1. Hey, can you tell me all the residues within the stretch B:194-243 that are more than 17 Å from the chain's Cα centre (by Cα) and in a helix (DSSP H, G or I)?
2. Given B:Leu168, B:Leu127, B:Leu138, which one is closer than 24 Å to B:Leu51 by Cα, of a type outside the set (Asp, Glu) and either at pLDDT below 85 or touching a helix residue (DSSP H, G or I) at 6+ places or on another chain (Cβ under 7 Å) (or both)?
3. If I filter the stretch A:211-234 for residues that are more than 25 Å from A:Ile172 (Cβ to Cβ) and within 14 Å of chain B (Cβ to nearest Cβ), do I get at least one hit?
4. Right, A:Leu57: farther than 19 Å from A:Thr133 by Cβ and away from chain B (no Cβ under 14 Å) or not?
5. Can you say whether B:Val159 is closer than 26 Å to A:Lys68 by Cβ, surrounded by 17 or more Cβ atoms within 10 Å (Cβ to Cβ), modelled with pLDDT of 85 or more and β-branched (Val, Ile, Thr), as far as the supplied structure shows?
6. Looking at the stretch A:33-58 only, could you name the residues that are at pLDDT 85 or above, aliphatic (A, V, I, L, M) and closer than 18 Å to A:Met159 by Cβ?
7. If you go through the stretch B:99-158, how many residues are free of Cβ contacts under 8 Å to residues at least 40 places away in the same chain, polar (S, T, N, Q) and under 18 Å from B:Asp88 (Cα atoms)?
Amino acid sequence: MEFRRQWTVAAFFIPIGLGALTTIMLVPMALIQPVYDFARNAAQINLSMVVPFAAALFCGGIISIDVKEGWLRTLLIRPITRQQYLLIKLAAAFSSVVITIVVAGVIPNIAVGAFFAKGVVRYEIGPILVAHTLFLLQALLIIGLLVFFSCWMPGIFNMVLLAAWYIAAASIGSYLQSRFWSSEWLMLLRDFLFPSGFTSALEMILGNAGTPTSELAWGFAALGFSFALAFWSVTRIEVDKSSE
Amino acid sequence: MASAIHAQNIGKTFNPGSKNSVQALRDVSFEVQQGEIVGLIGPNGAGKSTLLRILLGFLNADKGGSVSILSQHPESLEARRGIGYQADTQFRSPGVRTSAFLELHALLAGNADPTDEVTAVLRHFNLLNAAARKLSALSKGMRQKIELAVAFVGSPKVVFLDEPTASLDPPSVFELREFLTQQKEKGTTVFFSSHNLTEVENVCDRVLFILDGTLVAEHSLAGTPPGFLEESFRKHLVERKPS
């Protein structure tokens, strides 16, 4: 039922709309690129657009809407723990994000590669699987962060906060990279602007730049921390904050 | 007789320390025995819903207070297995159908095959024609009946009702009265807040009066003459209230 509650009529248009947008982005790439690399293009569209958009739209108000609508109250009056409730929510949200990645990321990528690519089309199963595993891990990380935000703030605010954080981290990161690339500690600080371990790991894998051990470790540490924050917050919130 | 609800020194201050601070409850203590039907009455803003939400563990009481339901903390799974609740604000979510909503509650309450129970509850509240409809498409009165049906799904030992007759038409009020009488015979404890003095007088064993967050009086209704409650209401809640 959690999954069904997420898929309102409006929600059906999210993956379709995102799919149209990614198609528009991919077609020029397919026309220009001498080699249409499925994994690399998937990384570009999914990590920059589909994953954060899907996570924000399905999870921005993942908890706050339940509090507002009385759904949290109607569930927690029954013998289920808050941890069980959160696991159900995470499973439903993750499924919705996976469907969005397939509809808005995978299908347009295959279709554009098949119908518009002028050069060689490269489908290498290894990099494709690694890339999609890392998308899903990044999606989980963002979902965890949004659960944390959503316990304390309304959904629309969380979406704006996530977008602002993303943009600010990217801008400051680029600035630091261009001006202070020789400063070791500022480069280290850059890594902490946004939890981007999985993104960095994928860049290294697709660029054949070695094994991304520390990037993956950073990604998993951030994922663990975001889930710890999410579970802690769900146990702390008051089910019914309103006064009479 | 064992205690079904035990509340000791419950206080609640919203926004403590700020200029918008509101003291909703002050040092509220009472006990409800198993099988009793107890009414909580008071004017708007007296603290009835806040007290109910604290009893259910949905709001935290201020430090120093304690609540137990069936001798357990209200948020413990043991207590939750025995609790039913009808909220004063109705659950809102597009897309959820009545039967699915009730079946979910029956499943969560421990009934692995909830179809029969849900059908019985729907029949009892005259809601069979609403089973396949979405909750958002139902009238306010019908949704109120759904919330009441949800409260009794899973045969709970203690049921909390918040303004149960607020949106009901007179025939539905009569049905609810009859239903509560049956529940009492089954030994179910019912604690409800209401503005409706007639309903409280008709079904309750005992009544608690609340004013400005304080329990100001308590009366047994056994053997009282008609009109007793209205007279008590005036005495405890109207005449005391500063103009």
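1. Listed by number, the residues that qualify are B:Phe228, B:Leu229, B:Glu230, B:Glu231, B:Ser232, B:Phe233, B:Arg234, B:Lys235, B:His236, B:Leu237, B:Val238.
2. Details: B:Leu127 fails: closer than 24 Å to B:Leu51 by Cα; B:Leu138 fails: closer than 24 Å to B:Leu51 by Cα.
Residue meeting the stated conditions: B:Leu168.
3. So the first thing to find is which residues in the stretch A:211-234 are more than 25 Å from A:Ile172 (Cβ to Cβ), and the list is A:211, A:213, A:227-228, A:230-234.
Now restrict to residues that are within 14 Å of chain B (Cβ to nearest Cβ): A:234.
Yes, some residue in the stretch A:211-234 is more than 25 Å from A:Ile172 (Cβ to Cβ) and within 14 Å of chain B (Cβ to nearest Cβ).
4. Working: farther than 19 Å from A:Thr133 by Cβ: yes; away from chain B (no Cβ under 14 Å): yes.
It is true that A:Leu57 is farther than 19 Å from A:Thr133 by Cβ and away from chain B (no Cβ under 14 Å).
5. Numbers: closer than 26 Å to A:Lys68 by Cβ: yes; surrounded by 17 or more Cβ atoms within 10 Å (Cβ to Cβ): yes; modelled with pLDDT of 85 or more: yes; β-branched (Val, Ile, Thr): yes.
So B:Val159 fits the description; yes.
6. A:Val50, A:Val51, A:Ala54, A:Ala55, A:Ala56, A:Leu57, listed by residue number.
7. Total meeting the criteria: 1.
Residues are listed down the side, and each one gets a yes or a no for (1) polar (S, T, N, Q); (2) surrounded by fewer than 16 Cβ atoms within 10 Å (Cβ to Cβ); (3) within 16 Å of the chain's Cα centre (by Cα); (4) assigned to a loop (DSSP other than H, G, I, E, B):
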{"residue": "A:Ser150", "(1), (2), (3), (4)": "yes, no, yes, no"}
{"residue": "A:Ile167", "(1), (2), (3), (4)": "no, yes, yes, no"}
{"residue": "A:Arg190", "(1), (2), (3), (4)": "no, no, no, no"}
{"residue": "A:Phe227", "(1), (2), (3), (4)": "no, no, yes, no"}
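The values are calculated or read from the model by the stated rules, or taken from the named source; none is laboratory data. Please read these numbers as outputs of a predicted model, since none were measured by experiment. Quick reminder, even Gly has a Cβ in these numbers, built from the backbone with ideal geometry, and neighbours come from all protein chains shown.
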